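Presented below is the structure to which this report refers.
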Amino acid sequence: MDLSLIIMQLLSGIALGAVLVITALGLTIVFGMLGVVNFAHGALFMIGAYAGLYLASLTGSFWWGLLLAPILIGAFGMLIEFVLIRRLYGRSIDDPLLLTFGLSYILVEGVRIVFGSDGIPFPTPPQLIGVLDLGIGFFPRYRLFVIALVAVVLLVLWLTLEKTRIGLIVRAGARDPTIMQVLGVDIGRVWLAIFGLGVGLAALGGVLAGPMRSVNPEMGSLVLAEAFVVTVIGGLGSIVGAVVAGLMVGISISLVALFAPEMATIVMFALMAVVLLIRPQGLFGVRGRTA
Amino acid sequence: MPKSGSTPKISRRTALAGLSASAALLAMPRLGRAADETIRIGFPTPLTGPFAAEARDQVKCAELAVKLANDKGGIGGRKVELLVRDDKLNAGEAATRTLELIEKEKVHAVVGALSSAVQLAVNEVTRARRVIYVSISQSDTINEAKDFSKYTFHEALNPHMTTAAVARQTLKKGMKVAHLVADYAYGHEMLRGFKRAQTAIGADNVGEILHPFGAADYSTFMPRLMSMRPDVLCISNFGRDQANAIKQAVDFGVKQQMKIVVPVILHNQRLAVGPDVFEGVIGGANYYWGLETQSKSAAAFNTAFKAANGGAIPTDYGAYGYSGVGSLLAAMQTAGGTDTDKVVDALEKLQYDLTKGPQHYRKCDHQSVQSVLVLESKKKSAMANDNDLFAILANDTGSDDMLRSCSELGHAT
């Protein structure tokens, strides 16, 4: 087995991990800050892909779809928070979980009614069709673009959370919402924005995944499972955890695929089991944290 | 959902006894008029899940076969009714639904199932209860002696037939062949078929990669497949797996290096990823609407389907639903009713031509002997209209030589 093959394999793993990171990130942020386990996350990922496809065909450009779908679906997420989730804060963690679980069924069925249950093609943007010669092998341009875009999104997110006043409020709100309210911060608005951000990230993941897979109403269910595995490995609520675990899962799947391809899906669950045994709170999770 | 039987303490056995007693009582005055009774056909198929598109077409075509029979006054004056059930692509679900169809709905026969494991489960139930089952799944393990029964019929093509036909069109002596295979019965059977054809042709196997069933991402298999440097890549998987695997192989530039070949090229999956992705992909098929220029039966089937479905065209897996139900109804017509042994006998002797030319069930294993198409997906610019998806490369006439021999399947000869 030569080195260039392993490097190509690592690259596929990183591209795979990039989409996992984006979707897991939305899930973990919403859980970390709001204590809501969003079971509709996979369905919103799927809705994002459909919205991206719809907007791209409406405007004639993939780039508008990529930009507008996360914003639009993010706004839809805020509506969900405002109308539904908000009423369940302070209740046990099961209530929003059941609510979002039910919501996911409604969303999937809704898409089936509007767009049908067959898969729909999501064309790769013309600028990114084809492969790039990396010297050691060929790699799809689109996947390289996904890696780059996810890196940029992560950087912006990190800078916002760590270096701006808004980020400070968000971080403080996650620690102690009561004190924030005493200090005169409207914590409800913060939560609204956070839920919108989480849903927007799911939609972004959906648009990015669109050109790599066929778009269909069930595409979110597998993604939800993967995103949960990644958040559990990384530690529920941990942003760094989601990034590290996402890449780790992507690369593990890829390297296992090289040696024992039929084990490629199982490896992610095996990894989760090992992490749970050794460090039940996840790699970057805080011990004993309750929502 | 709670399972039934958890509430009042009436055992299932007493309940069944009671039920059948009252049913017998109700049926008594009608005994003399048994001929008026509706013919009920159970139809389990995976309406939800990754094969949903194919399943829905099966239902539409099965309904068409039933409608046409009823329009002609039914079978021996009896109306026909199709009872469709969602098997959710799950063997347990399929077994439960089939059992319900037989015991509660009292169906006279079962047609359906798409996936290999589900088909086996349905066959287990129908075999034990001596009910005719016409399978429309490509997997053919139920034709092997260990799972076979005289009530088991297999209307679909089988892996051996399709892979042999596709290999004949695509492989040459000395070619290097690599395989990407879904890791379950369907994939394994297709791989076995391809390898057998390869050996006969004299092509070399350069590698096999098994992928998990239902995977969404195939990128991790691509660098290794490309490093094998094959001339032909055979992708043996089904439904959305086929669309995703081909799409990602194309993204990785696989088509510049090698030809992509599939055992069964799927109409709906070609629609799901578009013409550019599928361009040049070659695969087998039981049916393609474009056959209408070569076959009168195909033209008639297309016309009937269009009339019933607002101008839409029938698909490959849809045609199975039509011929599966159609052949059964034809046999019932000959048998003069639903008496199982008589219908089995009629099916064994039946010569039918419903969608594409003559077909019959081979005596020893009840596999339908039929023609196999080899199709090539057209370039976008070569398509005359949106339905013009494939070019027909070959239309191999059905013959017993296409099948594995009866003795190889373990049947007494």
Of (1) within 30 Å of A:Tyr105 (Cα to Cα); (2) touching a Lys or Arg at 6+ places or on another chain (Cβ under 7 Å); (3) charged (D, E, K, R), B:Glu100 satisfies every one except (2)
Taking the condition of being assigned to a helix (DSSP H, G or I) and either among the polar types (S, T, N, Q) or touching a residue at least 12 places away in the same chain (Cβ under 8 Å) (or both), how many residues in the range A:231-266 meet it?
23
List the number of the failed condition for A:Ser92; all other conditions in (1) under 28 Å from A:Pro177 (Cβ atoms); (2) part of a helix (DSSP H, G or I) hold.
(2)
With B:Glu93, B:Glu105, B:Glu81, B:Glu124 as the choices, which residue is among the charged types (D, E, K, R) and under 22 Å from B:Glu144 (Cα atoms)?
B:Glu124
Select, from A:Tyr54, A:Tyr50, A:Tyr89, the only residue that is on the phi < 0 side of the Ramachandran plot and modelled with pLDDT under 90.
A:Tyr89
Across (1) more than 21 Å from B:Ala156 (Cα to Cα); (2) free of Cβ contacts under 8 Å to residues at least 12 places away in the same chain, B:Arg56 clears everything bar (1)
Mind listing whichever residues of the range B:195-212 are in a loop (DSSP other than H, G, I, E, B) and facing chain A (nearest Cβ under 9 Å)?
B:Pro212
Which one of these is at pLDDT 95 or above, out of contact with any Pro (no Cβ under 8 Å at 6 or more places or on another chain) and either within 23 Å of B:Ala215 (Cβ to Cβ) or surrounded by fewer than 20 Cβ atoms within 10 Å (Cβ to Cβ) (or both): A:Gly196, A:Gly188, A:Gly184, A:Gly206?
A:Gly206
I'm trying to understand the selection: among the residues of the range B:200-235, which are among the polar types (S, T, N, Q) and either touching a residue at least 24 places away in the same chain (Cβ under 8 Å) or not assigned by TED's automatic domain parsing to the domain that holds B:Gln169 (or both)?
B:Asn205, B:Ser219
Among the residues of the range B:41-65, write down those that are at the interface with chain A (Cβ under 10 Å from one of its Cβ atoms), in contact with a strand residue (DSSP E or B) (Cβ under 7 Å, 6 or more places away or on another chain) and of a type in the set (D, E, K, R).
none
Are any residues in the range A:25-55 away from chain B (no Cβ under 14 Å) and either within 15 Å of A:Val146 (Cβ to Cβ) or free of Cβ contacts under 8 Å to residues at least 40 places away in the same chain (or both), and if so, which ones?
A:Leu25, A:Gly48, A:Gly52, A:Tyr54, A:Leu55
With the condition being at pLDDT below 95 and not basic (Lys, Arg), I'd like the strands (runs of 3 or more DSSP E) fully within the range B:115-183 carrying at least 3 qualifying residues.
none
For residues that are assigned to a helix (DSSP H, G or I) and either within 10 Å of chain B (Cβ to nearest Cβ) or more than 9 Å from the chain's Cα centre (by Cα) (or both), tally how many sit in the range A:201-225.
12
Check B:His188 against each of (1) within 14 Å of chain A (Cβ to nearest Cβ); (2) in contact with a Ser or Thr (Cβ under 7 Å, 6 or more places away or on another chain) and name the one condition it does not meet.
(2)
Within the range B:275-320, track down each residue that is closer than 21 Å to B:Gln359 by Cβ, β-branched (Val, Ile, Thr) and not assigned by TED's automatic domain parsing to the domain that holds B:Val110.
B:Thr293
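Starting from residues that are surrounded by 24 or more Cβ atoms within 10 Å (Cβ to Cβ) and not polar (S, T, N, Q), keep the ones in the range B:212-222 and report whichever is modelled with the lowest pLDDT.
Here the answer is B:Asp217.
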Hey, can you tell me all the residues within the range B:223-246 that are facing another protein chain (nearest Cβ under 7 Å), more than 13 Å from A:Met212 (Cα to Cα) and surrounded by 24 or more Cβ atoms within 10 Å (Cβ to Cβ)?
B:Pro223
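Conditions tested, residue by residue: (1) of a type in the set (S, T, N, Q); (2) within 21 Å of B:Gly193 (Cα to Cα); (3) in contact with a strand residue (DSSP E or B) (Cβ under 7 Å, 6 or more places away or on another chain).
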position: B:His108; (1), (2), (3): no, no, yes
position: B:Val111; (1), (2), (3): no, no, yes
position: B:Ser116; (1), (2), (3): yes, yes, no
position: B:Thr126; (1), (2), (3): yes, no, yes
position: B:Gln138; (1), (2), (3): yes, yes, yes
position: B:Asn143; (1), (2), (3): yes, yes, yes
Identify, from the list A:Val150, A:Val170, A:Val156, the residue that is assigned to a helix (DSSP H, G or I), surrounded by fewer than 16 Cβ atoms within 10 Å (Cβ to Cβ) and either away from chain B (no Cβ under 14 Å) or touching a strand residue (DSSP E or B) at 6+ places or on another chain (Cβ under 8 Å) (or both).
A:Val156
Which residue is farthest from the chain's Cα centre (by Cα), if the candidates are limited to the range A:107-140 and must be within 9 Å of chain B (Cβ to nearest Cβ) and over 27 Å from B:Pro50 (Cβ atoms)?
A:Gly137
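Considering A:Phe269, A:Phe228, which residue is in a helix (DSSP H, G or I) and closer than 20 Å to A:Met33 by Cβ?
None of the others qualify; the one that does is A:Phe228.
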B:Gly253 passes all but one of the listed conditions (1) within 7 Å of another protein chain (Cβ to nearest Cβ); (2) farther than 23 Å from B:Ala185 by Cα; (3) buried (at least 22 other Cβ atoms within 10 Å of the Cβ); the exception is number (3)
May I ask you to list the residues in the range B:292-322 that are crowded, with 24+ Cβ neighbours inside 10 Å and out of contact with any helix residue (DSSP H, G or I) (no Cβ under 8 Å at 6 or more places or on another chain)?
none
Taking B:His360 and the conditions (1) part of a loop (DSSP other than H, G, I, E, B); (2) outside the structural domain of B:Gly193 (by TED's automatic domain parsing), which numbered condition does it fall short on, given that it satisfies the others?
(1)
Would you mind stating whether A:Val215 is at pLDDT 90 or above, within 13 Å of A:Leu16 (Cα to Cα) and surrounded by 23 or more Cβ atoms within 10 Å (Cβ to Cβ)?
no
By residue number, the members of the range A:226-236 that are within 10 Å of another protein chain (Cβ to nearest Cβ) and surrounded by fewer than 23 Cβ atoms within 10 Å (Cβ to Cβ) are none
Only one residue in B:Leu328, B:Leu347, B:Leu354 is assigned to a loop (DSSP other than H, G, I, E, B) and either at pLDDT 95 or above or touching an Asp or Glu at 6+ places or on another chain (Cβ under 6 Å) (or both). Which one?
B:Leu354
Got a sec? Which of B:Val277, B:Val262 is touching a residue at least 12 places away in the same chain (Cβ under 8 Å), within 24 Å of the chain's Cα centre (by Cα) and under 24 Å from B:Leu114 (Cβ atoms)?
B:Val262
Against the condition aromatic (Phe, Trp, Tyr) and not in a helix (DSSP H, G or I), how does A:Phe45 come out, does it pass?
no
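The values are calculated or read from the model by the stated rules, or taken from the named source; none is laboratory data. Note that the coordinates shown come from a computational prediction; the quantities given were computed from them, not determined experimentally. All Cβ positions, even for glycine, are placed from backbone atoms using ideal geometry, and neighbour counts span all protein chains on display.
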